[in-house]
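Accompanying notes for the structure given below.
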There are 4 protein chains.
Amino acid sequence: MIIVLKRGAGEAEVQEINERLSQEGFKIHLSQGVEKIIIGAVGDRSRLKALDLEALPWVEKVVPILAPYKLVSREFQSGNTIIKIGDHEIGGEEIHVMAGPCSVESRAQIIETAHAVKEAGATFLRGGAFKPRTSPYAFQGLEEEGLKLLAEAREETGLLVITEVVDVRDVELVAHYADILQIGARNMQNFFLLKEVAKTNKPILLKRGPSATLEEWMMAAEYIMDGGNYQVMFCERGIRTFETYTRNTLDLSMVPALQSLSHLPVIVDPSHGTGRWNLVPAMTKAAVAAGADGIIVEVHPQPEKAVSDGKQSLTLANFAAMMEELAVLSQALGRPLKGARR
Amino acid sequence: MIIVLKRGAGEAEVQEINERLSQEGFKIHLSQGVEKIIIGAVGDRSRLKALDLEALPWVEKVVPILAPYKLVSREFQSGNTIIKIGDHEIGGEEIHVMAGPCSVESRAQIIETAHAVKEAGATFLRGGAFKPRTSPYAFQGLEEEGLKLLAEAREETGLLVITEVVDVRDVELVAHYADILQIGARNMQNFFLLKEVAKTNKPILLKRGPSATLEEWMMAAEYIMDGGNYQVMFCERGIRTFETYTRNTLDLSMVPALQSLSHLPVIVDPSHGTGRWNLVPAMTKAAVAAGADGIIVEVHPQPEKAVSDGKQSLTLANFAAMMEELAVLSQALGRPLKGARR
Amino acid sequence: MIIVLKRGAGEAEVQEINERLSQEGFKIHLSQGVEKIIIGAVGDRSRLKALDLEALPWVEKVVPILAPYKLVSREFQSGNTIIKIGDHEIGGEEIHVMAGPCSVESRAQIIETAHAVKEAGATFLRGGAFKPRTSPYAFQGLEEEGLKLLAEAREETGLLVITEVVDVRDVELVAHYADILQIGARNMQNFFLLKEVAKTNKPILLKRGPSATLEEWMMAAEYIMDGGNYQVMFCERGIRTFETYTRNTLDLSMVPALQSLSHLPVIVDPSHGTGRWNLVPAMTKAAVAAGADGIIVEVHPQPEKAVSDGKQSLTLANFAAMMEELAVLSQALGRPLKGARR
Amino acid sequence: MIIVLKRGAGEAEVQEINERLSQEGFKIHLSQGVEKIIIGAVGDRSRLKALDLEALPWVEKVVPILAPYKLVSREFQSGNTIIKIGDHEIGGEEIHVMAGPCSVESRAQIIETAHAVKEAGATFLRGGAFKPRTSPYAFQGLEEEGLKLLAEAREETGLLVITEVVDVRDVELVAHYADILQIGARNMQNFFLLKEVAKTNKPILLKRGPSATLEEWMMAAEYIMDGGNYQVMFCERGIRTFETYTRNTLDLSMVPALQSLSHLPVIVDPSHGTGRWNLVPAMTKAAVAAGADGIIVEVHPQPEKAVSDGKQSLTLANFAAMMEELAVLSQALGRPLKGARR
């Protein structure tokens, strides 16, 4: 930690900081610049937060040197985390595609979709059973009935199931049915929910909040790992910017950035990332070329009749066409699609 | 609702839309432009969401005409909502100041602060008992013990208590101790929490999410009102932008904007809005001049020892000095400070 | 400057940095943390830019300690800069209001507006003669004819004239007619234009770019001062954010922030800052309460017939009403309106 | 154009709008909803801007139906624009890579770089001769000397030259030396500069402004085409968002979005888009997978000694390694690298 004092700060001020830092076990290094005094402090990073030195009137700024996260960092674990689910490995050589509708709407809809995406090369079925919606007047999900339909689709197709958990009270229920628990973008900093899912033994897909920085996102993953669950995947799904043509701005640079800073797998969601189905195939290919370990994408048999997110859903035919292109691309990149027909 | 068709769309497409809209009870107006066909549809706004017309390949865009909110709008209620709490009225002529520390830390800290802010003219005591923090390694609040200390400070000073509820499982507990329940910025779209607080009979202060649009914010208030609780206040606390000098960008234009679109009171939080205590007095005055019904501000006896948010907390002396200036300003605006000594 | 090395960097790397820094005349402080090596360097800030140390593969980050601006900072000049124009002083005790249409459209329009805003208490007439527009098909301004009409309005009313210069080739021409040269938001980092206006002896109103940080804005002012013109005013006019209800997000926290960091006056433009005329009076009052030295606002005799920005223009009557409220507020703040009738 | 009236607007208001629209040659279509009156107007889009209907107090909003751009749109020209420069075609099947230093610094530097990037497969040499910098104290470019060095490098290697023009007074000079004129991000809406480059017969690479929407960017291209120069390429180089880990947020979704709306080629700049050299190879591959027609990337023999942008520059070796991977990827996508060795 570097502490820069304001002009005019003198010995008394330095003395006061010294005492505080010493009490917390920090070692001090004083540096007298031409214009300003700079104090370097070395010690236990977990004690740093206890000192709110920027509240001191003669402190200009405090610059942390060490990252605030630990367990998620590549300094903690240099090799990639590979998450094993059934006979799948996420974060390894192969690319995984998770596909399905925004919401589970009916038995017919989810079973038809599951067969089609399986046939096209997906390995996971996605679908929402609990749907927190911007409007209280909109469809809110089939709830447990939806979870059962997802489980039934898994039975029929062999696809594994990923679905979102939105309420701390439902974690156990959702974990009973799902193979991966998804934390939605709006809940990325719902720390109580993070603590609850950390108690399960299910892998977690942690979506980036629409206004979350890379560091905040990594800190949210740190919550889950600190809670004892080390099977965490990041999912980039776009951030909120001034651009309104797309629903969000898909920030693919997070893929190599996360891979440089962390050992955890990275998945990309081009459906929420763009909000427009016709941009999804291009951004899916871009995500894989950027190094993503997988894709999660919205597919619906009749997007124009979907109860939610129809605008960004691929038809079954469009999904199948995209998967063919993706298989060629993945192969060229040396990272074959796990579910591709050979 | 206006539906613009892509170039090349013809009678068959118009026919298909007509049928769908008719099934939902909409009336149709067809308008043939030089280059494009435009369809106007008039009907029940609550059925709109059931039609995801933008998913149709030959629909260019759908433009809603009516706002998606209803209960929060000034068209629903033309006069201002005035929220009565004890002998206070929020949203009326008088300005209210809610002040206190970010976190309740100890009996001594909260009682000292309460006496001082009361003396300076505050009418409500703020203080967090449950503290969801970005880092799992940071202080997480005194929990129920903190609520009891707030209640004790109310006993001693007569200040009413506002505190945040962060977990659906704690709503009843917090409502037992607090006079106003605060929904924090990160929970603005935690719709399960909104539904729970809607069931209490306590007024709700709804903070704006750091990346929430005006419309999304109003929809979150609509959730609470739709759940049966009409005592809702908006609280502008800054949005996330590219500017990093301030912690957030305090968007004071929301004050007159909300007052034009809604009948609910508007409070401003200049502490989180700026993240720097030395900017707080100027922004407090600006908020009141913009028309805010009240201010919520962080005050701490020793900001440099605060366990959280010390950088943005006023000292007791700085708060008292600010309140003197605010009293003069409020008086000139014809909206006296409720708690000011006369 | 603080240089943090990556884990694993050793003596050879430190040695290399030492040599480079020494060549540029810096003094070095080495600090060996538990996990990382940190190097402090003290020297001439103008040489810093010559060293792109972050390009070194084993440098994790470089943290500048000193601000990159000098002439604009309060450390360079502790007292406020007061800009004298005619018998007006901007940056002193009195508040100035600059008002007029977005574009000069006709003799009748500008003369009528000038008389009305003078009568209501404005001291400067604003109006654009060169209008760079988003669309090539939109009205582009009356050019020199517009400047002449502004000068004529000055003759008639005694108001001084502020107008924008947009092209390096027009600086001399505009400076011939105007009392203050305005640099528009889109040109804030048009450094060639900044250098040209620095050569004139006219005061400069420097609008903030829609995506400019506080530091970039101050650096743009530094360009003008470095070019020899010390009469610079900042003008906050809103930044681009995700919120689309308002045209921009007016960032009033910049008023106290600039006043803390710089000695230059600060003006606020609530018209571009909101894009909606009905929000302008509230934001004007807020700006003055936040400490602004003046306001620049769009006024038009018939906003609905304006060739540009009608949506954000006040009518003459609305402007007059706002000025009455502003006079009361300013008086209460101890900063009377310069142009107010007494 | 759709005009929505506020509640309470009646016949007189409709009558007034009718008259105005009729005067401009529009045809009117009235639609009486349950709650609001809606007016549809069909006519010449170039007259739209003359009517500032949103300034009318009883108009709630005006919704344009037609895009404001014309020449750049795919509706104007359905086939892709292919720009021929020498024996290169940009926008055709082949991918082009433009590479070189941020600034031309010396003869040795630019010649060494040119040979290396040519050898690795680039077809264009980039390099700045005029460098507008954030700080007045930073290196500002070699100016005409830099242009001459670029021309010399072209002589030696056969690479064509792309370089930025920043001042209207230099357009002729730069056009004399360059094969493509670059409009930098900060100048995207410098409409005077756009008009000047439109007069040359050189192809233009138009960088996206850091806070420009897709529509504003297309309107800037419209300026150039309206000025008579149809050889325009878009260049996505990142937008400014709240994320600070990367210098900008590279918005690759603009590649398929532009290709759907416009016929002009799209280039991507991953160097400015990320600001970190180690993220550049991943984002280069992602850009090509997203469908970009080319890449412009910063390469420097010794990034740590570069006078500008060293942090985001690839070394010659890193560039060569990236090009090998890119050649494989491009081949798999059916769009070979123009400059690749076979």
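Some observations on this one:
- Screening the candidates B:90, B:65 for the property of being in contact with a His (Cβ under 7 Å, 6 or more places away or on another chain) and of a type outside the set (Gly, Ala, Ser) yields one hit, B:90.
- Among the residues of region D:84-110, those that are part of a helix (DSSP H, G or I) and in contact with a helix residue (DSSP H, G or I) (Cβ under 6 Å, 6 or more places away or on another chain) comprise D:107, D:110.
- Condition met for residue C:113 (part of a loop (DSSP other than H, G, I, E, B) and either at pLDDT below 95 or more than 30 Å from residue D:224 (Cβ to Cβ) (or both)): no
- Extreme residue, nearest to residue B:306 (Cα to Cα), among residues of region B:116-137 that are in contact with a Pro (Cβ under 9 Å, 6 or more places away or on another chain) and part of a loop (DSSP other than H, G, I, E, B): B:127
- Region A:1-16 - residue that is buried (at least 16 other Cβ atoms within 10 Å of the Cβ) and in contact (Cβ under 8 Å) with a residue 40 or more places away in the chain and, of those, farthest from residue A:43 (Cα to Cα): A:9
- For region B:186-221, the tally of residues that are in contact (Cβ under 8 Å) with a residue 40 or more places away in the chain and either more than 10 Å from chain A (Cβ to nearest Cβ) or crowded, with 23+ Cβ neighbours inside 10 Å (or both) stands at 8.
- The sole residue among D:84, D:118 that is surrounded by fewer than 22 Cβ atoms within 10 Å (Cβ to Cβ), farther than 30 Å from residue C:220 by Cβ and in contact with a Ser or Thr (Cβ under 6 Å, 6 or more places away or on another chain) is D:118.
- Selection within region A:312-328 - over 26 Å from residue B:59 (Cα atoms) and surrounded by 18 or more Cβ atoms within 10 Å (Cβ to Cβ): A:326, A:327
- Within region D:242-264, the set of residues being of a type in the set (Ser, Thr, Tyr) and in contact with a helix residue (DSSP H, G or I) (Cβ under 6 Å, 6 or more places away or on another chain) comprises D:245, D:246, D:253.
- Considering each residue of region C:95-106 in turn, at least one proves to be surrounded by fewer than 20 Cβ atoms within 10 Å (Cβ to Cβ) and either under 30 Å from residue C:323 (Cα atoms) or free of Cβ contacts under 8 Å to residues at least 12 places away in the same chain (or both).
- On the stretch given as region D:204-241, residues that are more than 11 Å from the chain's Cα centre (by Cα), over 17 Å from residue A:244 (Cβ atoms) and not in a helix (DSSP H, G or I) total 5.
- Test for residue D:25: is it at positive phi, away from chain C (no Cβ under 12 Å) and either touching a Gly at 6+ places or on another chain (Cβ under 9 Å) or modelled with pLDDT of 80 or more (or both): yes
- Residue C:167 meets the stated requirement of being closer than 21 Å to residue D:188 by Cα and either acidic (Asp, Glu) or in contact (Cβ under 8 Å) with a residue 60 or more places away in the chain (or both).
- Residue in region C:28-45 that is within 12 Å of chain D (Cβ to nearest Cβ) and either more than 20 Å from the chain's Cα centre (by Cα) or assigned to a loop (DSSP other than H, G, I, E, B) (or both) present: yes
- Selection status of residue B:232, buried (at least 24 other Cβ atoms within 10 Å of the Cβ) and modelled with pLDDT of 95 or more: yes
- Test: residue in region D:193-204 that is closer than 22 Å to residue C:216 by Cβ and of a type outside the set (Lys, Arg): yes
- Verdict on residue C:162 being of a type outside the set (Lys, Arg) and part of a helix (DSSP H, G or I): no
- A single entry from C:65, C:3 fulfils the requirement of being in contact with a strand residue (DSSP E or B) (Cβ under 6 Å, 6 or more places away or on another chain) and in a loop (DSSP other than H, G, I, E, B): C:65.
- Contact annotation: residue pairs with Cβ atoms under 9 Å, 6 or more positions apart or on different chains, pairing a residue in region B:319-342 that is at negative phi with a partner that is assigned to a loop (DSSP other than H, G, I, E, B) and among the basic types (Lys, Arg), are B:327/B:341; B:336/B:342.
- When region B:17-27 is filtered for residues that are part of a helix (DSSP H, G or I) and surrounded by 15 or more Cβ atoms within 10 Å (Cβ to Cβ), the ones remaining, listed by number, are B:17, B:18, B:20, B:21.
- Residue in region C:244-256 that is in contact (Cβ under 8 Å) with a residue 40 or more places away in the chain, in contact with a strand residue (DSSP E or B) (Cβ under 6 Å, 6 or more places away or on another chain) and among the aliphatic types (A, V, I, L, M) present: yes
- Boolean, residue B:69 is more than 30 Å from residue A:302 (Cβ to Cβ), aromatic (Phe, Trp, Tyr) and either touching a residue at least 40 places away in the same chain (Cβ under 8 Å) or within 10 Å of another protein chain (Cβ to nearest Cβ) (or both): no
- Residue match in region B:49-63 (condition: among the aromatic types (Phe, Trp, Tyr) and either closer than 30 Å to residue B:20 by Cβ or modelled with pLDDT under 95 (or both)): yes
- The criterion of being surrounded by 22 or more Cβ atoms within 10 Å (Cβ to Cβ) and under 30 Å from residue A:69 (Cα atoms) does not hold for residue A:309.
The values are calculated or read from the model by the stated rules, or taken from the named source; none is laboratory data. Predicted, not measured: the structure shown is a model, and the values here were computed from it. We place every Cβ from the backbone using ideal geometry, glycine too, and count neighbours over all the protein chains shown.
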